[in-house]
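Visitor: The structure follows.
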Amino acid sequence: MSDAQGATAKTLPDTAARPDAAVPALSIGNVSHSYGPRRALIDVDFEVRPASFSALLGLNGAGKSTLFSLITRLFGIQSGRISIFGHDISREPGEALRLLGVVFQPRTLDLDLSVMQNLLYHAALHGIGRRDARARATDVLAQIELADRAGSKVRDLSGGQMRRVEIARALLHRPRLLLLDEATVGLDVKARADILKHVRKLVSDEGIGVLWATHLFDEVIPTDNLVILHQGKVLARGDVARVLSEAGAQDVNAAFMRLTGALSGSIAP
């Protein structure tokens, strides 16, 4: 069992469900990481505020998945610091990771189990009692509008519905920060829009902080916070209007191209 799973073996009491809103949901401080001689991340530095949607925009290979692996402690931190609601993940991994939910790019649901069985199995890994787990699973399925598919086998769901189940699974232990790594890869336009709608609704309705990693420019909207990551370096960060202004660009596509020095056009969905 990974650190991210083990650290959530004891769930938070309801009184701890909403940490201090003045503390960043996620703080990345001068984080660097290398694979041998290759530098994957170089002094990466940014924050995600509570109840906000932050888009981490970068091409494949920019370092997004490496950063997620460091945040979730799949990799050890070589240089810099990472904290979740003020809890340093190196010194207080249990406290930090109990506040974190993650949807990784590879799908990890058991196709031969029902939606509810997948959620109950995951809840058991987090030490959530069966009765409480069923109630929580029912609640999160309602949040993502899949309550009517609780008894369906996962293999009978569409790709977009599977992603929504993975989001529901990540919410079972009531995290206050949600990481999603290329959550819409392989989905059609409607399914992508549905996933984004559900995640943004979690921000507005539940006050969850979200870090959304993507390589697709059209998944970023003007109300988002934006971090542009390129070849392991943060080239820009802040609300979208600020990033566009500093880049002297009219849209995210143009800002990215100007900042990275790219010569080609936008990336197709």
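Visitor: Taking 8 Å as the Cα distance limit and 6 or more residues as the minimum spacing, I'd like the relative contact order of segment 119-210 as a percentage.
Guide: With pairs under 8 Å counted, the relative contact order is 28 percent.
Visitor: So what's segment 178-225 giving for Rg/Rh, alpha carbon basis, Kirkwood Rh from the mean inverse pair distance?
Guide: Taking Rg over the Kirkwood Rh, I get 0.93.
Visitor: Now, a different point. Averaging sequence separations of C-alpha pairs under 8 Å and six or more residues apart, then dividing by the length of segment 76-163, give the relative contact order as a whole percent.
Guide: 24 percent
Visitor: Any idea what diffusion coefficient segment 124-190 gets from Stokes-Einstein, in µm²/s, Kirkwood Rh on alpha carbon pairs, 37 °C, 0.692 mPa s?
Guide: Details: Rh = 12.9 Å.
Rounded, D is 254 µm²/s.
Visitor: Take the alpha carbon atoms of segment 138-254, find their radius of gyration, then divide it by 2.2 N^0.38 Å using N residues; give the quotient.
Guide: So segment 138-254 has a normalised radius of gyration of 1.18.
Visitor: Right, next: Which whole-number percentage describes the relative contact order of the chain, with Cα contacts under 8 Å and a sequence gap of 6 or more?
Guide: 25 percent
Visitor: Projected area of the chain, taken from the Cα convex hull and averaged over every viewing direction, in nm²?
Guide: Across all orientations, the chain yields a mean hull projection of 14.1 nm².
Visitor: Enumerate the whole-percent occupancy of each 5 Å bin, from 0 to the last occupied one, for all C-alpha pair distances of segment 32-117.
Guide: Per 5 Å bin, starting at 0, the Cα pair percentages come out as 3, 11, 20, 22, 19, 13, 7, 4, 1.
Visitor: Are there trypsin sites (Lys or Arg not before Pro) in segment 55-94 that DSSP marks as loop and that have at most 11 other Cβ atoms within 10 Å, and which are they?
Guide: The qualifying sites are Arg91.
None of the figures in this text is laboratory data; all of them are computed from the coordinates on show. All figures in this text were calculated on a predicted structure; none of them were measured in a lab. Don't worry about glycine lacking a Cβ; one is built from the backbone with ideal geometry, like all the others, and counts go over all protein chains shown.
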